[in-house]
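Encoded as structure tokens, the structure appears first; notes follow it.
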Amino acid sequence: MNILQIVLYVSLGLGTGILIGRFLLRKLFKNQELGAQNKAKKILKDAETNAEILKKDKLLEAREKFLQMKAEHEQEINNKNNTINQRENAIRQKEQSINQKLENVSKKEEELALVKANFEKQIELAKKKQQDVDALKNQHIQQMETIAGLSAEDARNQLIDSLREEARTQAMIQIKDIVDEAKLTASKEAKKVVIQTIQRTATESAIENTVSIFNIENDEIKGRVIGREGRNIRALEAATGIEIIVDDTPEAIILSGFDPVRREIARLALHRLVTDGRIHPARIEEVVAKTKKQIEDEIVEIGERTVIDLGIHGLHPELIRMVGRMRYRSSYGQNLLQHSREVANFCATMAAELGLNVKMAKRAGLLHDIGKVPDDNPELPHAILGMQLAEKYKEHPEVCNAIGAHHDEVEMTSMISPIIQACDAISGARPGARREVVESYIRRLKELESLALSYPGVEKTFAIQAGRELRVVVESERITDAAAEILAADISNRIQTEMTYPGQIKVTVIRETRSVAYAK
């Protein structure tokens, strides 16, 4: 075979292959087209089927919703109908009640008309009886005048005379009562003056307030303090003005005197002498002089430190010295300087709350008892004396008036004066400020708790805040809320009538219900 034949065969093969391929491709495309058409028809059929099912579901859902809404609407209509029927029934009952009341009113009107008629008849009968009584009275008077031989005018005069005597007797009785009451009032005023005098001299207890105890290591020192033939103790008493009592009291020497500054000087001087060991008259005079100078310096230092702590400026040096002297003075067992500092702080707080001058109130509070510590002791109330000292050292007029008026010795002319008076009472009346025997204090608290425990339904009682508040815990099953209020009032009334106490006592009744459960 030659190349041409080969080429010819190849060309024929290629042509035949191309024809066969085109035929096959055309057949394939036709089959694909038929498949796609069938598939599209199937999809359309499925879509139509799904759409029909969805339509039926939606119709069913819409029908169910419609039926539900219809049922709810019918229920609502039924409820409204029931409400309307109930209101109609209530209106009918009210109408029946009103009709019945109207009938009762009509019956009562008829009864009132009958009562009115009977009352008018009784009035007419009473008038007739009154006329008969008047006639009998006149007849009786005429008979009495005939029997007694006195006219009605004479009898009236005798009656007036007897009434006048009776009134005079009653007036004398009332005058006697008034005089007795005046005596009681005068006694109270006298007690007030006595209490103020005691307060100035601070002699609540002669053992506690006019005596100082000097402790020693052993009783051999007592002989050295006494000295030969008592010369040392006489020199010490002459130098200090304090009575030195050396008795059988073990390891103690008693210093007795009314002036607390002198007692302090004697105590410090005796301490120096015993520590040094040289005790003789010349040494005693030297040590006492040095101690006096030291005490005076301490007094001034205490006064300056006090006014600096309280923020008070421009105080006269003599007033500062008197403030320092308060350190060695007490009133009913309460240190006077501590009391004055408390009053100053109370006054500052109260003045700030009321919008007043805080510095002036604090100044007046510190100086309100300055009349208790003068070097001399004039026979004047301490409030008046303190006011005069404040005026002497150029204090503000409002401060002077507050000092003089805190015990109502003078008339109050400023808003600070009643504040000083109130704060002075607060500081003196607070728990623990003034001396009180522990046994009586405890007994008063126990009596307070026992009084509340005597009521039925009370479970526990607690006297707190130094007896200023009583808390009463009651049983919730037996005591209601309303009964708790009544119980608090009853307890407070019994405390007022049966007990003696300073200030006021707050009664708090506590009622609670507890529900307890355990998770296991």
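For the stretch 470-520, filtered to residues that are modelled with pLDDT of 85 or more and of a type in the set (Lys, Arg), the residue that is nearest to LYS446 (Cα to Cα) is ARG471. Screening the candidates VAL261, VAL307, VAL287 for the property of being modelled with pLDDT under 85, within 30 Å of TYR393 (Cα to Cα) and assigned to a helix (DSSP H, G or I) yields one hit, VAL261. When you check ILE160 against the structure, is it of a type outside the set (Asp, Glu), more than 15 Å from ILE279 (Cβ to Cβ), in contact with a helix residue (DSSP H, G or I) (Cβ under 6 Å, 6 or more places away or on another chain) and at pLDDT 70 or above, yes or no? In short, no. Can you tell me which residues in the stretch 393-416 are without any contact (Cβ under 8 Å) to a residue 24 or more places away in the chain and either touching a Phe, Trp or Tyr at 6+ places or on another chain (Cβ under 8 Å) or of a type outside the set (A, V, I, L, M, F, W, C) (or both)? Correct list: PRO397, ASN401, GLY404, ASP408, GLU411, THR413, SER414. Residues that are closer than 30 Å to GLY365 by Cα and out of contact with any strand residue (DSSP E or B) (no Cβ under 7 Å at 6 or more places or on another chain) do occur in the stretch 252-259, at least one of them.
For the stretch 339-393, residues that are within 21 Å of ILE302 (Cα to Cα) and not in a helix (DSSP H, G or I) total 7.
Step by step: first the residues of the stretch 215-229, then only those that are outside any helix (DSSP H, G or I) and charged (D, E, K, R), then the one that is surrounded by the fewest Cβ atoms within 10 Å (Cβ to Cβ). Which residue is that? Checking each candidate, the answer is GLU217. Every test in (1) in contact with a helix residue (DSSP H, G or I) (Cβ under 7 Å, 6 or more places away or on another chain); (2) open to solvent by 20 Å² or more (accessible area, probe 1.4 Å); (3) at pLDDT 85 or above is passed by HIS407 save one, and that test is (3).
Hey, can you tell me all the residues within the stretch 285-312 that are in contact with a helix residue (DSSP H, G or I) (Cβ under 8 Å, 6 or more places away or on another chain) and among the β-branched types (Val, Ile, Thr)? VAL287, VAL288, THR291, ILE295, ILE299, VAL300, ILE302, THR306, VAL307, ILE312 - these are the residues of the stretch 285-312 that are in contact with a helix residue (DSSP H, G or I) (Cβ under 8 Å, 6 or more places away or on another chain) and among the β-branched types (Val, Ile, Thr). Of everything in the stretch 311-336 that is in a helix (DSSP H, G or I), modelled with pLDDT of 85 or more and not acidic (Asp, Glu), the residue that is farthest from GLN388 (Cα to Cα) is GLY324. Filter the stretch 283-305 down to the residues that are in contact (Cβ under 8 Å) with a residue 24 or more places away in the chain and surrounded by 17 or more Cβ atoms within 10 Å (Cβ to Cβ) and list them by number. Answer for the stretch 283-305, where residues must be in contact (Cβ under 8 Å) with a residue 24 or more places away in the chain and surrounded by 17 or more Cβ atoms within 10 Å (Cβ to Cβ): ILE284, VAL288, THR291, LYS292, ILE295, ILE299, ILE302.
Results for (1) among the hydroxyl-bearing types (Ser, Thr, Tyr); (2) open to solvent by less than 60 Å² (accessible area, probe 1.4 Å); (3) modelled with pLDDT under 80; (4) farther than 30 Å from VAL473 by Cβ, shown as yes or no for each residue.
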residue	(1), (2), (3), (4)
GLU395	no, yes, no, yes
GLU411	no, no, no, yes
LYS446	no, no, no, no
LEU451	no, yes, no, no
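Considering only residues in the stretch 253-282 that are open to solvent by 60 Å² or more (accessible area, probe 1.4 Å) and in contact (Cβ under 8 Å) with a residue 40 or more places away in the chain, the one that is nearest to LEU336 (Cα to Cα) turns out to be PHE258.
Exactly one residue out of ALA239, ALA266 is over 21 Å from VAL373 (Cβ atoms), modelled with pLDDT of 75 or more and among the small types (Gly, Ala, Ser), and it is ALA239. Annotation: PRO250 fulfils all but one of (1) open to solvent by less than 30 Å² (accessible area, probe 1.4 Å); (2) under 54 Å from the mean Cα position of the chain (by Cα); the unmet one is (1).
The values are calculated or read from the model by the stated rules, or taken from the named source; none is laboratory data. Computed from a predicted model, the values in this text were never measured in an experiment. Glycine also receives a Cβ, built like all others from the backbone with ideal geometry; neighbour counts cover every protein chain displayed. Only protein heavy atoms, including side chains, enter the accessible area calculation; ligands, DNA and RNA are left aside. Shrake-Rupley method; radii C 1.70, N 1.55, O 1.52, S 1.80 Å.
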